[in-house]
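The values are calculated or read from the model by the stated rules, or taken from the named source; none is laboratory data. Computed from a predicted structure; not experimentally measured. Cβ sites come from the backbone with ideal geometry, for glycine too, and all protein chains shown count toward neighbours. Accessible surface is based on the protein model in full, side chains and every heavy atom, while ligands, DNA and RNA are left aside. Shrake-Rupley method; radii C 1.70, N 1.55, O 1.52, S 1.80 Å.
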Amino acid sequence: MATEPKRSMLVIAKGSGVADAIISAFSGETDLRIETKDATLAQMNGKAISALANYDVIMFQASPDDSAEIEAIQSLVSNRRNETTLVALADGDISLSKARALSNAGVDEVLPLPTGDGKIDAQMIRLSRKKTPQHGGGAQAQGRIIAVAQARGGVGSTTVAVNLADQLCRSKGLFSRSAGHKVALVDFDLQFGTVGSFLDLGEQDTLLQLALDGTVPDANFLEQSMVDLPSGLSVLAAPSSFAPLDSLRSDQVAAILDTLREKYEFVVVDMPRALVGWVEPIVQRADEMMVVTDMSVSSVRHCRRLIDFFTQDNHALPVEVVINHQHKPLMQSRLHREAAKVLDRKLEHWLPHDPRAASGAADRGKPLSVAAPRSPLGKAIARLARATLSVRQVAMQRPAK
Ligand SMILES: Nc1ncnc2c1ncn2[C@@H]1O[C@H](COP(=O)(O)OP(=O)(O)OP(=O)(O)O)[C@@H](O)[C@H]1O
Ligand SMILES: [Mg+2]
């Protein structure tokens, strides 16, 4: 006997391609009822718009230049039930100003359209399952988990994790109507973690304590354990003394992430070097993975193995490659094209080799936004954060040509 649908979703898109891809991606979700409307949001009149307020989730294909769409969103937002989540689907070419206009009008999320092969964003699945979203408080109901991994030791993953978290926390109002995003940074590089020294924090042995006594942390415990920086960034650093790698358990790691994403809009995770068992709950929960690499053949190969490892547990996981120690080239060389082919992705993010800014920030124990904001590396990290805040490029998930 079929189960009674408990959640309802409406997909508004012109033509059948987008709606079909979403229906097929959700075919296993028996408690979700999906309806489709072959239209644009702007084409729907006032009465139809107020009827939309009855759905739990509304996904619509955004039109890049339709000003009537913004009015339709505003009307929908003023009519919606408290729980209706409004999602705009856009292609990777959407401009930052359009993404911002959608968000300002009241859209909760801007997500990439399904890819040509029908893959959808992991966040779409999470939103469809979400039971009690809240609106109007500024914070989203569940934050995005961004995991940062490294293709080789020392390639720059902590630099990326620390400064991405810092930039996200300083950025205002793209997906939140209040000032600044709520961001947590977690150093899960249990044995070699350096987030604490990058940010000049005192000793913080929360993870060691958890590893030794085996307790599962709750919101209260984490709140008391995290260090809040003046920028607003909350940090859970790695222990300063040695903890055996297998002393943390998966349920503890899962509890940390689940608790933090209830409270923070972004949870940035510096991944451990070793792929221990408790990495699995990070990979399963991640909304986005960034793998930092350089262009050496061995790093690129290892990067590919890591991507395969991450996506085998979470097929819908978007993995983005960050090339460190290199300016974005004007023209991609044969080496770049070959790397893109090995990685099966466009090489989208580039951070220049900038030892002066990197060591200046490290020496002062400050993020680049404070120590060297105008440096090439400081600017490149700011771009990376902007790209993370705006629509994540669908093209990144497509095989490179
Ligand atoms: N783009 C860059 N230009 C110059 N130096 C950099 C750059 N990125 C990182 N560094 C420097 O390289 C060193 C290693 O960086 P980082 O600690 O971020 O790497 P990691 O991958 O986290 O290393 P680990 O394996 O120790 O975790 C640091 O001294 C950092 O300041
Ligand atoms: Mg590191």
Quick one: if you stick a label point 7 Å off each Cα along the C-beta vector at V370 and L330, how many nm between them? 3.8
Between helix 250-263 and the chain: long-axis angle, C-alpha atoms, 0 to 90°, nearest 10: 60
Roughly how many debye, to the nearest 20, is the charge dipole of the range 205-274 about its Cα centre, given +1 on each Lys and Arg Cβ, -1 on each Asp and Glu Cβ, and no other charges? 180
Past the 17 angstrom mark, what percentage of all C-alpha to C-alpha distances in the range 239-284 do you count? 35
Estimated inter-spin distance, T115 and D251, nm [label 7 Å along Cα→Cβ]: 3.6
What is the sum of charges around V162, taking Lys and Arg as +1, Asp and Glu as -1, for the other residues whose C-beta is under 12 Å from the C-beta of V162? -4
Degrees separating the helix 157-170 axis from the principal Cα axis of the chain, which is the longest one: 50
For the chain, the Debye formula with one identical point scatterer on each Cα and no solvent gives log10 I(q)/I(0) at q = 0.06, 0.10, 0.12 Å⁻¹ as -0.24, -0.67, -0.97
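Based on the Cβ-Cβ distance from V216 to Q312, what FRET efficiency comes out when R0 is 22 Å, to the nearest 0.05?
After rounding, the FRET efficiency stands at 0.25.
Rg(Cα) of the range 147-250 divided by 2.2 N^0.38 Å?
On the way: Rg = 14.4 Å, N = 104, 2.2 N^0.38 = 12.8 Å.
Expressed relative to 2.2 N^0.38 Å, the Cα Rg reads 1.12.
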Using a 10 angstrom cutoff on alpha carbons, build the Gaussian network for the chain and name the most mobile of V279, V110, V291. V279
How much accessible surface area, in Å² rounded to 10, belongs to the heavy atoms of M271 with a 1.4 Å probe? 10
Relative to the compact-globule estimate 2.2 N^0.38 Å (N residues), the Cα gyration radius of the range 53-102 stands at a ratio of 1.15
Tell me, what is the 1.4 Å probe accessible area of H302, in Å² to the nearest 10? 70
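Heavy atoms only, 1.4 Å probe, whole protein assembly: order R170, R374, R80, R7 by accessible area, highest first.
On the way: R170 90, R374 190, R80 40, R7 15 Å².
Largest accessible area first, the list is R374, R170, R80, R7.
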D20-E35 pseudo-label distance in nm [points 7 Å out on the Cα-to-Cβ vector]: 2.3
Can you give the translational diffusion coefficient of the range 281-328 in µm²/s, computed by Stokes-Einstein from the Kirkwood radius over Cα pairs at 4 °C and 1.567 mPa s? 115
Gain upon complete extension [S197, A53; 0.36 nm per residue less C-alpha separation]: 47.0 nm
Rg followed by Dmax, in Å, when the range 209-257 is reduced to its Cα trace: 11.7, 33
Which residue, E71, E288, E265, has the most motion in a Gaussian network model of the chain that connects Cα atoms within less than 10 Å? E71
Cross-link pairs beyond the 25 Å C-alpha cut-off, checked among K98/K263; K37/K98; K341/K366; K346/K366; K98/K366; K119/K379: K98/K263; K341/K366; K346/K366; K98/K366; K119/K379
Once the principal axes of the Cα atoms of the range 246-363 are found, what is the range along each, listed largest first in whole angstroms? 45, 37, 27
When the accessible area of the chain is split by element with a 1.4 Å probe, what percent falls to carbon and sulfur? 50
If the cut-off is 12 Å between C-alpha atoms, which aspartates and glutamates fall inside it for K182, apart from same-chain ones fewer than 8 positions away? D166, D228, E262, E265
Rounded to the nearest 500, what is the 222 nm mean residue ellipticity of the chain from helices alone, with -39500 (n - 2.57) per DSSP H run of 4+ residues and division by all residues? -11000 deg cm²/dmol
Segment I125-E223, length gained on full extension (0.36 nm per residue, minus Cα span): 32.4 nm
Solution diffusion estimate, µm²/s, Stokes-Einstein, the range 7-129, Kirkwood Rh from C-alpha pairs, 37 °C, viscosity 0.692 mPa s: 230
Calculated FRET value between R301 and A42, using beta carbons and R₀ = 51 Å, to 0.05: 0.60
